[in-house]
Amino acid sequence: MKTKITDLFNIKYPVVCSGMTGISRPELVAAVSNAGGLGILATADLRPDETRPAVNKVRELTDKPFGANVPFIIPGAEEKADILIEEKVDVVNYTLGTGGDLIKAVHEYGGKAVATVTNHKHALSAQRRGADALIVTGHEAAAHGGDVTSLVLIPSISDAVDIPVIAAGGFADGRGLVVALSLGAEGIAMGTRFMNTVESPAHNNMKKLSVEKQIYDTIYSDRIDGLPCRAIHSKATERLIKEKFYLISALYNSREAARAFGFPWLKLAVGILLSGYKKSKQLAKMANAFRVMRIGMEEGDDKKGVFLMGQVTGILKDTPTVAEVMEKIVLEAGKVKNELSLKI
Ligand SMILES: Cc1cc2nc3c(=O)[nH]c(=O)nc-3n(C[C@H](O)[C@H](O)[C@H](O)COP(=O)(O)O)c2cc1C
């Protein structure tokens with residue numbers, strides 16, 4: 001397969017594994033890159049001193065190109081972005097912020113900078129700042145998809161920008177890849193599908209839930225982690241959404257988040273309080289969500305844990321290896337193309 005993003009990233013197939021907190025660990029990232037796609041390492045829940053070893057671990061497991069994801073809303077993101085730049089990671093994928101001088105620094109060593117966006121304003125701003133490509137994330141997506149569904153968002157943003165678009169949100173198979181390409185995208189990024197693979201570090205209960213849940217079983221709310229976010233609809237998710245005393249809970253939960261980010265708790269707490277009323281409410285919710293999402297991913301506890309998953313979980317029927325996912329996508333896309341040529 002050959003598209004603008006296979007050329008841009010020097011990969012075989014236009015298929016990206018999204019940077020997923022707690023999931024896109026070196027083993028999964030390398031498996032996707034080895035299978036011909038682009039694996040993206042998540043750094044949100046890595047401490048700065050864990051970030052370089054994680055990059056090195058990916059390099060031990062693959063000699064193929066890979067990327068790393070930095071959400072700029074997370075405290076300490078700048079330090080981790082600097083490490084990715086020092087390490088000359090092939091593709092730096094930034095989100096929830098402009099990244100400051102990140103694009104320039106990535107270009108200086110010949111890397112590619114990719115912005116994850118959910119609307120035109122951020123897509124056009126990333127293009128103006130010099131991003132090489134966009135991951136455009138529709139409403140169906142796990143975690144922070146936009147207000148508009150991929151079917152409408154992808155062609156609309158593809159028409160509005162000159163840089164390649166990678167479609168995310170609701171993609172899991174070869175049919176989806178063909179649709180994305182026909183809507184103007186140059187490839188797809190998948191989160192939920194790669195979360196539910198053999199190489200994914202998610203707890204087996206999370207993978208099992210992902211097979212059992214239907215397309216109707218997720219909920220999208222800005223009260224899960226303070227930003228519009230999609231997760232499995234469960235009693236634990238409802239508790240999080242309805243929590244009244246979340247600012248008080250955040251005092252306790254932010255300690256766990258601070259430890260995970262390698263950020264002094266006091267600095268984090270003061271930073272949250274000084275960030276303004278709206279942002280501090282958002283960050284407080286994020287601290288609370290961080291704990292229950294970790295319980296979901298690592299302990300697989302569906303009574304206490306919250307599971308980020310996209311609507312596409314409802315069409316997943318199995319837990320294959322990454323290589324099987326990739327092989328099936330390629331075969332299916334070819335079959336769909338041939339069938340379409342008979343119809344159109
Ligand atoms: C468990 C989980 C964790 C995620 N963490 C992040 C993250 O740290 N950074 C990010 O940009 N997106 C994150 N996402 C969102 C994905 O990058 C991607 O946008 C989404 O999964 C695409 O939709 P899909 O699940 O329908 O494939 C996460 C998704 C999941 C399922």
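For residues that are surrounded by fewer than 17 Cβ atoms within 10 Å (Cβ to Cβ) and part of a loop (DSSP other than H, G, I, E, B), scanning just segment 98-139, find the one that is modelled with the lowest pLDDT. This residue is 100.
Results for (1) more than 18 Å from residue 137 (Cβ to Cβ); (2) not in a loop (DSSP other than H, G, I, E, B), shown as yes or no for each residue.
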| residue | (1), (2) |
| --- | --- |
| 11 | yes, no |
| 28 | yes, yes |
| 33 | yes, yes |
| 50 | yes, yes |
| 54 | yes, yes |
| 58 | yes, yes |
| 65 | yes, no |
| 70 | no, yes |
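Out of all the residues in segment 35-44, is one or more closer than 30 Å to residue 337 by Cα, part of a helix (DSSP H, G or I), within 15 Å of the ligand (Cβ to nearest atom) and in contact (Cβ under 8 Å) with a residue 12 or more places away in the chain? Looking through segment 35-44, none of the residues is closer than 30 Å to residue 337 by Cα, part of a helix (DSSP H, G or I), within 15 Å of the ligand (Cβ to nearest atom) and in contact (Cβ under 8 Å) with a residue 12 or more places away in the chain. Screening residue 16 against (1) within 11 Å of the ligand (Cβ to nearest atom); (2) part of a helix (DSSP H, G or I) leaves a single unmet condition, (2). The residues on offer are 40, 73, and the sole one that is among the aliphatic types (A, V, I, L, M) and crowded, with 21+ Cβ neighbours inside 10 Å is 40. For segment 135-176, the set of residues classified as within 20 Å of residue 91 (Cβ to Cβ), more than 12 Å from the ligand (Cβ to nearest atom), touching a helix residue (DSSP H, G or I) at 6+ places or on another chain (Cβ under 8 Å) and not β-branched (Val, Ile, Thr) consists of 162, 164, listed by residue number. Of all residues in segment 177-222, those that are aromatic (Phe, Trp, Tyr) and assigned to a loop (DSSP other than H, G, I, E, B) total 1.
The set of residues in segment 298-335 being among the polar types (S, T, N, Q) and either within 16 Å of the ligand (Cβ to nearest atom) or in a helix (DSSP H, G or I) (or both) consists of 311, 313, 319.
Does residue 259 satisfy being under 29 Å from residue 50 (Cβ atoms), buried (at least 17 other Cβ atoms within 10 Å of the Cβ) and outside the structural domain of residue 119 (by TED's automatic domain parsing)? So residue 259 does not fit the description; no. Would you confirm whether any residue within segment 107-122 is within 12 Å of the ligand (Cβ to nearest atom), more than 15 Å from the chain's Cα centre (by Cα) and not hydroxyl-bearing (Ser, Thr, Tyr)? No, there is no match, as no residue in segment 107-122 is within 12 Å of the ligand (Cβ to nearest atom), more than 15 Å from the chain's Cα centre (by Cα) and not hydroxyl-bearing (Ser, Thr, Tyr).
Applying the condition of being surrounded by 21 or more Cβ atoms within 10 Å (Cβ to Cβ) and either β-branched (Val, Ile, Thr) or not assigned by TED's automatic domain parsing to the domain that holds residue 188 (or both) to segment 140-160 and asking which residue is farthest from residue 306 (Cα to Cα) yields 157.
Within segment 155-189, the residues that satisfy the criterion of being farther than 23 Å from residue 338 by Cβ and within 17 Å of the chain's Cα centre (by Cα) are 165, 166, 168, 169, 170, 189. Considering only residues in segment 192-219 that are near the ligand (Cβ under 10 Å from one of its atoms) and of a type in the set (Val, Ile, Thr), the one that is nearest to residue 41 (Cα to Cα) turns out to be 192. Residue 100 passes every criterion in (1) at positive phi; (2) within 18 Å of the chain's Cα centre (by Cα) apart from (2). Against the conditions (1) buried (at least 20 other Cβ atoms within 10 Å of the Cβ); (2) small (Gly, Ala, Ser); (3) under 14 Å from residue 5 (Cα atoms), residue 184 satisfies every one except (1).
Each row is one residue, and each column tells you yes or no for (1) touching a Pro at 6+ places or on another chain (Cβ under 8 Å); (2) in contact (Cβ under 8 Å) with a residue 12 or more places away in the chain; (3) aliphatic (A, V, I, L, M).
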| position | (1), (2), (3) |
| --- | --- |
| 189 | no, yes, yes |
| 201 | no, yes, no |
| 209 | no, yes, yes |
| 222 | yes, no, no |
| 248 | no, no, yes |
| 251 | no, yes, yes |
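Residue 202 falls short on exactly one of the conditions (1) over 12 Å from residue 312 (Cβ atoms); (2) touching a Phe, Trp or Tyr at 6+ places or on another chain (Cβ under 7 Å), and that condition is (2). Scanning segment 96-106 for residues being touching a residue at least 12 places away in the same chain (Cβ under 8 Å) and either away from the ligand (no atom under 14 Å from the Cβ) or outside the structural domain of residue 160 (by TED's automatic domain parsing) (or both) gives a total of 7.
The values are calculated or read from the model by the stated rules, or taken from the named source; none is laboratory data. Given the structure is predicted, the values throughout are model-derived calculations rather than measurements. As a convention, Cβ positions derive from the backbone with ideal geometry for all residues, glycine included, and neighbour counts pool all protein chains shown.
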